[in-house]
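Here is the structure we will look at.
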Amino acid sequence: MSVLMPTYARIDIAFEKGEGPYLFTGEGRRYLDFAAGIAVNALGHAHPKLVAALKSQAERLWHVSNLYQIPEQQRLAERLVANCFADTVFFCNSGAEAVECGIKLCRAYHNVNGNPERHRVITAEGAFHGRTLATLAAGRQEKHLAGFAPMVEGFDQVPFGDADAMAAAVGPETAAILVEPVQGESGIKPVPAGYLARLRQIADASGILLFFDEVQCGLGRTGKLFAHQWEGVAPDVMALAKALGGGFPIGACLASETAAAGMQPGSHGSTFGGNPLAVAVGNAVLNVILEEGFLESVARHAGGLRQRLEGLVDRHPEVVEEVRGEGLMLGLKVKPTNLDVVTALREAGLLTVPAGENVVRLLPPLNIESAQIDEAVGIIEQVCAELTESGD
Ligand SMILES: *Cc1c(COP(=O)(O)O)cnc(C)c1O
C-alpha cells in the first residue's frame, strides 16, 4: 500500500517551484495555475510580500499557544472585523474547523438564551462544508458520507436556492441556516438573486442564526471582500479559510457579538489556530487584498475573463455549455467529461479543478494580469478545438 493513505487519486506531477500564477515541475515544464490550490493561493505563488512576512516571523517566533496574547492575531481579527458585519473572530487551521466552530457557536447561542432544544442546522443541497464528521453531516453528500455512518445528528437539508423550502424547514429545534453564497465543490453555483435577503428575513422572523460559509467564495474571490456583500445581506456567523493564509493553513470563524454570546473561556479551542506564523501571513494577505483598487481590479479582470469565456460557448458549444460563477470563481459546464477536459487543459499547460455537475473550475490568483488571462483563454480555445475534432 502507498505510504500516503490513498484518499486522493493524485495526478502524476510534482511541482518544484511557483512564481506568481505559474508552477514549474522539476523538469522545467511550466503551467499556468488556474487551480490556485483550490482557491487558496489567492495571490499566486511566492508573493514577495507574503514570503517576507513569513520569513521575518519565522526568525522571531513560530508558536506560543493561545494561552498568551498574540498581538498579530489580535490585529488580524481587528482588520477582519473592521471590514464586515462581525465583532469577533476565532482562528483555526482549516475550512472544516471554521464551520465546526460556527456550528458549535450556533448551538451555544441558543443554549445560553434558554433554548437548548434549538440545535439543528439547515443547509442546501449540493453544499460542501468540509470533511469532519459534523461538516460532512452538514453537507449531506452521499458520496462523502458513504461508509462513515452513523451520521452526526442535527442537520437538515432543502433544495438549493429555494427560500420557501428553507422557510418551511425551520422548526422549533432549528438553530441556524448555513449556506455558501456561491457553492464551490458542487459546481460553482451562485445562489439566486434575492435569496440571501429572504434567508435573512426567515432567520430574523424565527429567531435563528444565519451562517455563511465563505471558505471558498470569500476574501475577494468574487470581486468584493465577501461574496454576501454583493447582496448587502449580513450573516450572524461566517466561516473563512482557503485564501486567508494565501497558502499557509489558517481558518477563521467570525460572528456578531450577539451570535457569539454562548462562547466563553473554555468553550472552544485550537492548539495551532492563529499561531504567529499563520497570522503574520494572514495580515500580509490582507495588506494586499485591502489595498486601494485591488478588489476593483479583481472585478475588472473577472469581467474580461468572463466575456472571453462566453465567447467560447458561442464558438465551441459542443465543448462548453455554459459559463457560471461570480468574479474570479468561474465554472465551465462542459459536454465531454469534466475530468477529460481538465486533463486536456493540463496537458496544454493550464491547471484547473473539476467540480460537481460536470463543471471545470477556473480559480486564478486574484492578482492575475490581462496577459495571463489571454494565455489561459488561448489554451482553453485550443483545447476546445482539439476536443471538437476528436469528438467528430
Ligand atoms: C474547501 C471548503 C471547505 C473545507 O475546507 P478545508 O480547509 O478543506 O477543511 C468548507 N467549505 C467550503 C465552501 C469549501 O470550499
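The values are calculated or read from the model by the stated rules, or taken from the named source; none is laboratory data. In this text the structure is predicted, and so the values were computed from the model without any measurement. In this analysis, Cβ positions are derived from the backbone assuming ideal geometry, glycine residues included, and neighbour counts consider all displayed protein chains. Side chains are part of the model used for accessible areas, which takes the heavy atoms of the whole protein and leaves out ligands, DNA and RNA. Shrake-Rupley method; radii C 1.70, N 1.55, O 1.52, S 1.80 Å.
Considering every residue within the stretch 71-86, establish whether at least one is in contact with a Leu (Cβ under 6 Å, 6 or more places away or on another chain) and charged (D, E, K, R).
yes
Given the conditions (1) open to solvent by 80 Å² or more (accessible area, probe 1.4 Å); (2) modelled with pLDDT of 95 or more, report the number of the one that Glu142 does not fulfil.
Evaluating Glu142 over (1) open to solvent by 80 Å² or more (accessible area, probe 1.4 Å); (2) modelled with pLDDT of 95 or more leaves (2) as the failure.
Specify the residue that is farthest from the ligand (Cβ to nearest atom); the eligible residues are those in the stretch 198-233 that are open to solvent by 40 Å² or more (accessible area, probe 1.4 Å) and hydrophobic (A, V, I, L, M, F, W, C).
By that ranking, first place goes to Ala205.
So which residues in the stretch 241-252 are out of contact with any Lys or Arg (no Cβ under 9 Å at 6 or more places or on another chain) and either open to solvent by less than 10 Å² (accessible area, probe 1.4 Å) or part of a strand (DSSP E or B) (or both)?
Correct list: Ala241, Leu244, Gly245, Gly246, Phe248, Ile250, Ala252.
Taking the stretch 45-98 on its own, how many of its residues are under 19 Å from Val237 (Cβ atoms), more than 16 Å from the ligand (Cβ to nearest atom) and not in a helix (DSSP H, G or I)?
Counting residues in the stretch 45-98 that are under 19 Å from Val237 (Cβ atoms), more than 16 Å from the ligand (Cβ to nearest atom) and not in a helix (DSSP H, G or I) gives 7.
Could you tell me whether the stretch 14-25 includes any residue that is within 21 Å of the chain's Cα centre (by Cα), assigned to a helix (DSSP H, G or I) and crowded, with 19+ Cβ neighbours inside 10 Å?
The answer is no; no qualifying residue exists.
So, in the stretch 63-92, how many residues would count as being in contact (Cβ under 8 Å) with a residue 60 or more places away in the chain and among the acidic types (Asp, Glu)?
Residues meeting the conditions: 2.
Which numbered condition trips up Ala252, out of (1) away from the ligand (no atom under 16 Å from the Cβ); (2) out of contact with any Gly (no Cβ under 7 Å at 6 or more places or on another chain); (3) in contact (Cβ under 8 Å) with a residue 60 or more places away in the chain?
(1)
Every residue in the stretch 234-254 that is more than 12 Å from the chain's Cα centre (by Cα) and over 25 Å from His63 (Cα atoms), please.
Across the stretch 234-254, the qualifying residues are Ala234, Pro235, Asp236, Val237.
Which residue pairs have Cβ atoms closer than 9 Å, lie 6 or more positions apart in sequence or on different chains, and pair a first residue in the stretch 23-41 that is more than 16 Å from the ligand (Cβ to nearest atom) and polar (S, T, N, Q) with a second residue that is open to solvent by 20 Å² or more (accessible area, probe 1.4 Å) and not in a loop (DSSP other than H, G, I, E, B)?
Thr25/Phe15; Thr25/Glu16
State yes or no: is Ser390 open to solvent by 10 Å² or more (accessible area, probe 1.4 Å), modelled with pLDDT under 95 and more than 21 Å from Val191 (Cβ to Cβ)? Break it down stepwise before answering.
On the way: open to solvent by 10 Å² or more (accessible area, probe 1.4 Å): yes; modelled with pLDDT under 95: yes; more than 21 Å from Val191 (Cβ to Cβ): yes.
So Ser390 passes the test.
For Asp33, state whether it is within 23 Å of the chain's Cα centre (by Cα), more than 20 Å from Leu363 (Cβ to Cβ) and either surrounded by 13 or more Cβ atoms within 10 Å (Cβ to Cβ) or of a type in the set (S, T, N, Q) (or both). Even if it seems obvious, please write down each step before you answer.
Values: within 23 Å of the chain's Cα centre (by Cα): yes; more than 20 Å from Leu363 (Cβ to Cβ): no; either surrounded by 13 or more Cβ atoms within 10 Å (Cβ to Cβ) or of a type in the set (S, T, N, Q) (or both): yes.
No: the conditions fail for Asp33.
Of the conditions (1) buried (at least 24 other Cβ atoms within 10 Å of the Cβ); (2) at positive phi; (3) free of Cβ contacts under 8 Å to residues at least 40 places away in the same chain, Leu345 satisfies every one except a single condition; which number is it?
With respect to (1) buried (at least 24 other Cβ atoms within 10 Å of the Cβ); (2) at positive phi; (3) free of Cβ contacts under 8 Å to residues at least 40 places away in the same chain, Leu345 is out only on (2).
Considering each residue of the stretch 253-284, count those that are under 20 Å from Lys55 (Cβ atoms) and part of a helix (DSSP H, G or I), and give that number. Break it down stepwise before answering.
Going residue by residue through the stretch 253-284, those that are under 20 Å from Lys55 (Cβ atoms) are 272, 274-284.
Right, trim to part of a helix (DSSP H, G or I) and you get 276-284.
Selection size over the stretch 253-284: 9.
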